[in-house]
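Visitor: Starting off with a structure, shown below.
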Amino acid sequence: MKIRAAMAIILSCFLSGLFAVGTVADEIGFLSPIVGSNPGVTIAGVKSGGAPWVVSHGFAVLNDEGHLRVDLRGLILPSLGTPGPVTAIAASVVCGDAVAATTDSVLVSVDGNAEIHAKLQLPSPCLGTIVLIRAAAFNGTPLPAPGPWIAAAGLVKDDDSNHAN
């Protein structure tokens, strides 16, 4: 009898957990790792930076209500080991082949760490979603509009090439 009661409790917890995971998964419209950019690549009319960038760890999460979370660790120019002159970034969400919305800028640490939390107005559905991480300030001076993209989420690596077009 005790074994049946314990099994019932375990099964109940398991089913509750599955329901919770399913509910959370329904709210996530986009989840992707972030990778650094290479020069000479244009996405939705936005050019990439003039030097290659790398990301130690990063991801972007966008839900169906337009809540965007970007978490970056180690966004650096490998030639310098730092973000160089980039002192702030912003994130642009691309739907189809157009920039649909851009966040306010946030500071980047000297280690290349930054977090963005924003609520954006996006078309529904946002097909072909890509999140571009863009330079927003150089040496502490804000740009009038976000500049080149230096990292991105949602890119598909093509077997025949190392860049997105």
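FYI, it's all coordinate maths here, none of it is from the lab. Since the structure is predicted, the reported quantities are computational estimates derived from the model, not experimental observations.
Visitor: With no solvent and one equal point scatterer placed on each C-alpha of the stretch 48-128, evaluate the Debye formula and give log10 I(q)/I(0) for q = 0.16, 0.21, 0.26 Å⁻¹, two decimals.
Guide: Result of the Debye calculation: -0.64, -0.98, -1.23.
Visitor: A follow-up question, please. For the stretch 69-85, just list the computed ³J(HN,Hα) in residue order, Karplus coefficients 6.51, -1.76 and 1.60, θ = phi - 60°, integers in Hz, with x standing in for Gly and Pro.
Guide: 10, 10, 10, 10, 10, x, 7, 9, 8, x, 5, 10, x, 9, x, x, x
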